[in-house]
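No lab work stands behind these numbers, since they all come straight from the coordinates. Quick caveat: nothing in here was measured; it's all calculated off a predicted structure. When we count neighbours, we look across all protein chains shown, and the Cβ atoms used for this are built from the backbone with ideal geometry, even at glycine.
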Amino acid sequence: MILKMRDIPEGHSEFSLECDLGSVKGDLPPLCGTMHCEGDINRLGADIFVHICYRGMFVLQCSRCLEDYNALISGELEVTVKDAPGRDGKASDDELVDFYFDSALNDEIDLSAALFDEIMIETPIMPLCRESCKGVEIKDKDIIVDFDGAPKRSTPEEKEIDPRWEALKKLKSNT
Ligand SMILES: [Zn+2]
């Protein structure tokens, strides 16, 4: 998701755009079409506060039946961007700002890395195509039944009759 800083006026403004997740696309589940992002921006000189609401359709694999299905993933996030000479890109975790850009060198800022973190959090660890998914479908022909009378490999242990059954046998023969 790329914002053109020149297009962002001082004060409050709103935006709506479609993006393809650019630099982080390859590290996320496949995206169907584009991701819709909208929100509002408050700009106070060099400080830019961006509120983003995003939604996109992703292809996930059901953890029960292993079939692919489309899942809508959406959420929102706040990103702070600062125009600072000589700085560009994602800030380190201990800084108060999320992204830097240098308006003297670059007019675009790529916020895809922030979206990536949010989408990863929203993506279910155990995706389910539907709550009632019964899991992998087993067809009748896949089931091998040990029919009675079929030749069975017998071991000496199996031939031995449990002594407890012997007692029952005696009882039965006495009646
Ligand atoms: Zn499923």
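Label reach from ARG130 (point 7 Å along Cα→C-beta): in region 34-72, amide nitrogens under 18 Å belong to 60-72. Footprinting exposure proxy ranking of MET57, MET120, fewest other C-beta atoms within 10 angstrom first, gives MET120, MET57.
Each 10 Å bin from zero holds the following percent of Cα-Cα pairs in region 1-46: 23, 44, 26, 8. One decimal place: the segment GLU10-GLN61 gains 14.0 nm when fully extended, by the rule 0.36 nm per residue minus the C-alpha distance.
What would the Debye formula give as log10 I(q)/I(0) at q = 0.10, 0.11 Å⁻¹ for the alpha-carbon point model of region 2-122, no solvent? Each listed q maps to, in turn, -0.34, -0.40.
For region 46-101, the mean projected area of the C-alpha convex hull, equal to one quarter of the hull surface, is 5.6 nm².
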